[in-house]
Amino acid sequence: MPDFTVAEKNAFPVTAAIVDEAGTLIPLAQIVTLVATLYDRESGSILNGRNAQSVLNANGGTVDSAGNLTLTLVPADNAVLDAARAFELHVLLLEWTYASGAKANRLQKRIAVRNLRKVA
């Protein structure tokens, strides 16, 4: 089951809470790294070069002071790789470190991308 559905090649904001192992938001000042990997679930192909790409207030990612992330996926992030599929499942893997880099956590978001067939 996808977390989000988006039409092919549309920009789309993804939100996530950057939390510790107890589920508590990590304030921005305590986040050391935050990277995103975006890939097609079926083929494993990396999408739009987002392979362990920093999104800590960079590359379309914005983290507020409380630790809430908004990552704007651009049209190239939501391209359909296999024109034969009506929907394509993309996976956004978020990984972060905190506590001076001594601790880490991660989260996956599943994005169903609807093939619009005639999009150039």
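The values are calculated or read from the model by the stated rules, or taken from the named source; none is laboratory data. Keep in mind that what you see is a predicted model, and the values were worked out from it rather than measured. Here the Cβ is made from the backbone with ideal geometry for all residues, glycine too, and neighbour counts use every protein chain on show.
Descriptive notes on the structure:
- Subset of region 42-56 (residues that are under 19 Å from Arg106 (Cβ atoms) and surrounded by 13 or more Cβ atoms within 10 Å (Cβ to Cβ)): Ile46, Leu47, Arg50, Asn51, Gln53, Val55, Leu56
- Scan region 58-101 for residues that are free of Cβ contacts under 8 Å to residues at least 24 places away in the same chain and touching a strand residue (DSSP E or B) at 6+ places or on another chain (Cβ under 8 Å) and the total you get is 3.
- Which numbered condition Ala83 fails, given (1) in a loop (DSSP other than H, G, I, E, B); (2) modelled with pLDDT of 95 or more: (2)
- Hits in region 24-38 - residues which are surrounded by fewer than 19 Cβ atoms within 10 Å (Cβ to Cβ) and in contact with a Ser or Thr (Cβ under 7 Å, 6 or more places away or on another chain): Pro27, Leu28, Val32, Thr33
- Among the criteria (1) without any contact (Cβ under 8 Å) to a residue 40 or more places away in the chain; (2) exposed (fewer than 13 other Cβ atoms within 10 Å of the Cβ); (3) in a loop (DSSP other than H, G, I, E, B); (4) not aromatic (Phe, Trp, Tyr), the one Arg106 does not fulfil is (3).
- Verdict on Val32 being modelled with pLDDT of 95 or more, of a type in the set (A, V, I, L, M, F, W, C) and farther than 15 Å from Leu94 by Cα: no
- The condition of being in contact with a Leu (Cβ under 9 Å, 6 or more places away or on another chain), surrounded by 14 or more Cβ atoms within 10 Å (Cβ to Cβ), polar (S, T, N, Q) and more than 26 Å from Gly23 (Cα to Cα) holds for only one of Asn78, Asn68, Asn59, Asn115, that being Asn78.
- Taken together, the residues in region 53-80 that are within 19 Å of Glu42 (Cα to Cα) and not in a helix (DSSP H, G or I) amount to 2.
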